[in-house]
1. If we scan segment 38-49, do we find a residue that is part of a helix (DSSP H, G or I), under 29 Å from Thr159 (Cβ atoms) and aromatic (Phe, Trp, Tyr)?
2. Return yes when Asp236 is open to solvent by 70 Å² or more (accessible area, probe 1.4 Å) and either on the phi < 0 side of the Ramachandran plot or among the charged types (D, E, K, R) (or both) and no when it is not.
3. Scanning for something open to solvent by 10 Å² or more (accessible area, probe 1.4 Å), within 14 Å of the chain's Cα centre (by Cα), under 19 Å from Ala176 (Cα atoms) and at pLDDT below 95, does segment 35-43 turn up at least one residue?
4. Scanning segment 223-232 for residues that are exposed (fewer than 10 other Cβ atoms within 10 Å of the Cβ) and of a type outside the set (Lys, Arg), which turns out nearest to the chain's Cα centre (by Cα)?
5. On the given criteria, is Thr71 farther than 19 Å from Glu103 by Cα, crowded, with 23+ Cβ neighbours inside 10 Å and among the β-branched types (Val, Ile, Thr)?
Amino acid sequence: MKILVAVKRVVDAKIKVRPLPDHSGVDTKLAKMAINPFDEIAVEKAVSLREAGKADEVVAVTIGPLKSVDTLRVAMAIGADRSIHVRTDDVLEPLAVAKVLREIVNREKPDLVLLGKQAIDDDANQTGQMLSALCDMPLATFASEIELEDGRWVVTRETDGGTQTISLSVPAVVTADLRLAEPRYVTLPAMGRARKKPVEDIELENLGINTASRVRVLSVEEPPVRKAGVMVASVDELIEKLKNEAHVI
């Protein structure tokens, strides 16, 4: 039983990002980078499944520039056995990422593909769904629990109205939600051991995939500054402002 986990290098969630001076994108030149939080949760769950005897191997994969290897090192420090780096300096949109992951899935033949429900840089929430369609594999999004029962993946997923439990045949694609796992603290000794684990390097061009962008960024702007709130003296005044100024009632 093999689990493939896709991870992405993003700006650290604690860092405030700002647009470039020409508003062509986000300024990441000096920003602290980290593994996407939802992908980190996916890695933790994959490793815990292996530790519970439900899987034999956990393989991490990322797509990006040379520095993306740092993200793979974190995944291997958590417990991934080895990793694959698809190297490119281009910024790929979700469909292109899904196409690349399909090639890795075809090579590795995993029994489960785990990835975060979304990346915190673009918030697209599309890659898992597109990968499922491209690979013709069953899909469970927003997973809060995953178990292997009678050769099938049983997934509890978050919905607007509560939770839903579904059973998926193997192999399957699952996207991780916040409550799926609590990532362990990565220690320096664990990072040292991670540096000894193998990282396969693949040039994106060698995969022969059309990753041309279908989306063009027109401008990246900071959100408008919110107006200061006002204090009201009574409920009647609040209702009057909500009705005549905010126009929400």
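The values are calculated or read from the model by the stated rules, or taken from the named source; none is laboratory data. It should be emphasised that the depicted structure is a prediction, and the values quoted were computed from it without experimental measurement. So basically every Cβ, Gly included, is an ideal-geometry build from the backbone, and we count neighbours across all protein chains shown. The accessibility values were calculated without ligands, DNA or RNA, using every heavy atom of the protein model including side chains. Shrake-Rupley method; radii C 1.70, N 1.55, O 1.52, S 1.80 Å.
1. Let us first name the residues in segment 38-49 that are part of a helix (DSSP H, G or I), namely 38-49.
Filter once more, so that each one left must be under 29 Å from Thr159 (Cβ atoms): 38-49.
From what's left, aromatic (Phe, Trp, Tyr): 38.
Yes, some residue in segment 38-49 is part of a helix (DSSP H, G or I), under 29 Å from Thr159 (Cβ atoms) and aromatic (Phe, Trp, Tyr).
2. Numbers: open to solvent by 70 Å² or more (accessible area, probe 1.4 Å): yes; either on the phi < 0 side of the Ramachandran plot or among the charged types (D, E, K, R) (or both): yes.
Yes; evaluated as a whole, the condition is true for this residue.
3. no
4. Going through segment 223-232, the residues exposed (fewer than 10 other Cβ atoms within 10 Å of the Cβ) turn out to be 223-231.
Going one step further and asking which of them are of a type outside the set (Lys, Arg), we end up with 223-225, 228-231.
Working: Pro223: 24, Pro224: 27, Val225: 29, Ala228: 35, Gly229: 35, Val230: 39, Met231: 41 Å.
Here the answer is Pro223.
5. Details: farther than 19 Å from Glu103 by Cα: yes; crowded, with 23+ Cβ neighbours inside 10 Å: yes; among the β-branched types (Val, Ile, Thr): yes.
It is true that Thr71 is farther than 19 Å from Glu103 by Cα, crowded, with 23+ Cβ neighbours inside 10 Å and among the β-branched types (Val, Ile, Thr).
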